[in-house]
Amino acid sequence: MSESEKGLRPILLIVDDDKEIAGCKRKFDATGVLNPVVSITSAGEAFEFLTRRGRHAGATHRNPGVILMSLSLPDAHGSEFLEFLKEKHMKIPVVVLTDSESTQSPAMLRSIGADGIMEKPISVDGFLRAVNPLEPDWLEMRRLGRAPSGIDVDDC
């Protein structure tokens, strides 16, 4: 698929400073997700990406179809990011990434604007289950009989 064709599809934006999560881009690509995957490691850069400022000034990318976001970012708490989306009237579904030690309940996360919740580590199948109820038409996948050799698609 050409980059121009991929550029017409809604973006999956991953906002997490965990290098393992950032590496999920390769796994999503390898498992047949046709949407472009953008991985960002801070809330500040995510703000710039969405508002097309700073290092993303003048960018012509589309807004994400879904944002996968950690609450624990190096420069802001995820709740601030959710508040920013609300203030800017950006109706982008956000799936919050938590870990098994999280003290925040799903009800609390939904009350601050999370549309879905996923526990780390991320599995591609778990991701698909989390986002399909939110925006069933945004994700485009090519059907693969199996994952390409050498790619473990269970967790990232």
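Quick notes on this structure:
- Checking each residue in the stretch 50-67 for being of a type in the set (Gly, Ala, Ser) and surrounded by fewer than 17 Cβ atoms within 10 Å (Cβ to Cβ) picks out Gly54, Ala57, Gly58, Ala59.
- Cβ pairs under 9 Å, 6+ apart, first in the stretch 59-77 and without any contact (Cβ under 8 Å) to a residue 60 or more places away in the chain and of a type in the set (D, E, K, R), second surrounded by fewer than 22 Cβ atoms within 10 Å (Cβ to Cβ) and part of a strand (DSSP E or B): Arg62/Ile11
- Qualifying residue in the stretch 49-58 (condition: at pLDDT 85 or above and among the β-branched types (Val, Ile, Thr)): yes
- Index of the failed condition, Asp75 passing every other in (1) assigned to a loop (DSSP other than H, G, I, E, B); (2) within 28 Å of Leu34 (Cα to Cα): (2)
- The lone exception for Asp75 - which of (1) in contact with a Gly (Cβ under 8 Å, 6 or more places away or on another chain); (2) closer than 24 Å to Pro10 by Cβ it fails: (2)
- The stretch 68-116: number of residues that are surrounded by fewer than 19 Cβ atoms within 10 Å (Cβ to Cβ) and of a type in the set (Gly, Ala, Ser): 9
- Candidates are the residues of the stretch 1-34 that are modelled with pLDDT under 65 and in a loop (DSSP other than H, G, I, E, B); the one that is surrounded by the fewest Cβ atoms within 10 Å (Cβ to Cβ) is Ser2.
The values are calculated or read from the model by the stated rules, or taken from the named source; none is laboratory data. For clarity, every value in this text was computed on a predicted model and none was experimentally measured. FYI the Cβ positions are ideal-geometry reconstructions off the backbone, even for glycines, and counts take in every protein chain you see.
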